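So the structure is just underneath, and the comments pick up after that.
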Amino acid sequence: MTFFVFNASCRGGNKKLLTSVASSLRNHEHRRIRVHHHRHCHPASLAAGRWNQNLRTFANAATAKSVAQLASNEELSAIVDQFPPGIDYAFGYGSGVLRQQPSSPSPSQPNSLNTNPGMVDIILAIDNPYDWHKCNLQSNSYHYSLMARIGGLDFVTWLQVNFGAKLYFHPFVNIDIDLNGSKSAEDSQSNGIKQTKIANTEPPKQSIQRQIKYGVVSTDDLIQDLLQWDYLYLAGRMHKPIVSIDLPHKSGCSAGTAEEQAGLAQTNNDRTDEIEDAQRSNLLSAVSASLLIHSIDNNQRSPSSLQSFPTSQLYNNIASLSYAGDFRMQTGAEDPDKVRKLVETPGMLDLWEKMYSDTLGNLQNSGLLSVVDSNKGDSVFVNHTNNHGSGGKHLETSFTDMAIRKQLVQNLPPRLRKHSDLIVGTGDSMDSIRQGSLVLRQELANIVSPAAKSQSIKGFFTAGVSKSWKYALAKFAKGRLRK
């Protein structure tokens, strides 16, 4: 696939070229996703490989101890080491892992940023829900509600895969972790890069207790949500910065032989590649949806003019996608400043930039937008090695260009593409574009609202009434009580 660079405001005959070239971008990504079991080199393998490497990088962007990260990578790995094998992928998220505080602390408390990680949120993508819950019920039965323990393995598995967003959450779980013992005797594997421990070096053991909330999802269901936005639950969570977690290599309900561990490690790597392929499509969809719902400047009247806005505004739009129609936002059961904190907390903007650098770079190469450094006054390719945040970076695109809007819609999941005519609009008038934006917002709400409600109701069965009530009160304390 060949990329052509030309101005995003192209007109006339260039529109056909724009649509053709940009369309090939989306088609190429879907082909890579669908043929993950028999990969071949594509003409754009260098660009795709670079994008895939960036996916591995952004999830662990806080490895260099970003100011935004609260829970260390070692701590998160030690937590996951407590669980049975069969985990294909795991990541940490939320205010216990990445700081979510106002960007401007009170003048009277200049160092008031909270350093207490609080409850650590983790998602575990597992290969086989039945087998995994069987092992987990044996080793961690106290994590399950009384109803779940009475219902047994069949009930637990049935509840996970048939209700809500197909997640099984365990909140308020207290565990003791050993930060030195989980990988002291063997090499560790970090995102495909072997990191060998220094022989005969055993630092003093450090044990701590952490309160966690962990969600269990089938790997296939996770990939499905990333590609299709069936629930926009985990897909929405993965629109935002996360911290990927190194996985221990185990077989069965015990550690297993060296050969079994090696085989499991290869399987984990293969499934991780599938998830990362799906995540690449998820990020492209997120940027495209956010551009389509971006508010049009009332002063913009000329169809040929470009609109410019900071990349931080794009990230705010992306962060809000999965809250569209969420009853928790409407009822005060969620922090009303959550979206702003996800972007503006010190250190978070750097993670957003790393996460979306290749997505924006590919959209720029396809001619759908330009990334401009206002400090230099020229177009720049977004580089994931830039650690200085958004700074003067702005995006430029022409929302009134129907060819651009059509391609952005083609980058959306199928359930949204079926509304393409309404979202694109009938022309370059501001009213038509705004109406298309409203249609897309409503369709997003139609996805999020039922999933959020059903998943919350499901919590009374998976976590139990007492923990669910405790969790709801904690959410209200962050939401309505802060207003």
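Could you compute the FRET efficiency for Gln435 and Ile150, with r as their C-beta to C-beta distance and R0 at 56 Å, rounded to 0.05? Before the final figure, lay out the partial values.
Numbers: r = 52 Å, r/R0 = 0.93.
The value I calculate is 0.60.
Which FRET efficiency value, to the nearest 0.05, do you get for Asp373 and Ser454 by plugging their Cβ-Cβ distance into 1/(1 + (r/R0)^6) with R0 = 51 Å? Please list the in-between numbers first.
Working: r = 45 Å, r/R0 = 0.87.
That pair, Asp373 with Ser454, gives E of 0.70.
What distance in nm separates the simple spin-label points at Gln442 and His419, each placed 7 Å from Cα in the Cβ direction?
So the two model labels end up 0.7 nm from each other.
Length gain on complete extension for the stretch Gln313 to Asp178, per 0.36 nm per residue less the alpha carbon to alpha carbon distance? Present the calculation step by step, with values, prior to reporting the outcome.
Values: separation 135, 0.36 × 135 = 48.60 nm, distance 4.05 nm.
That works out to 44.5 nm of additional length.
Glu274 accessible area, nearest 10 Å², 1.4 Å probe?
Accessible area, nearest 10 Å²: 20 Å².
Near the amide H of Phe309, under 5 Å away, which other amide H atoms are found, from residues 5 or more places off or on another chain, if H is placed in the peptide plane?
Excluding prolines and chain starts, which carry no amide H, the hits are Leu395.
The values are calculated or read from the model by the stated rules, or taken from the named source; none is laboratory data. Because the structure is a prediction, the values reported are computed rather than measured. Heads up, the Cβs are rebuilt from the backbone with ideal geometry, glycines too, and the neighbour counts pull from every protein chain shown. Surface accessibility is based on the protein's heavy atoms, side chains included, excluding ligands, DNA and RNA. Shrake-Rupley method; radii C 1.70, N 1.55, O 1.52, S 1.80 Å.
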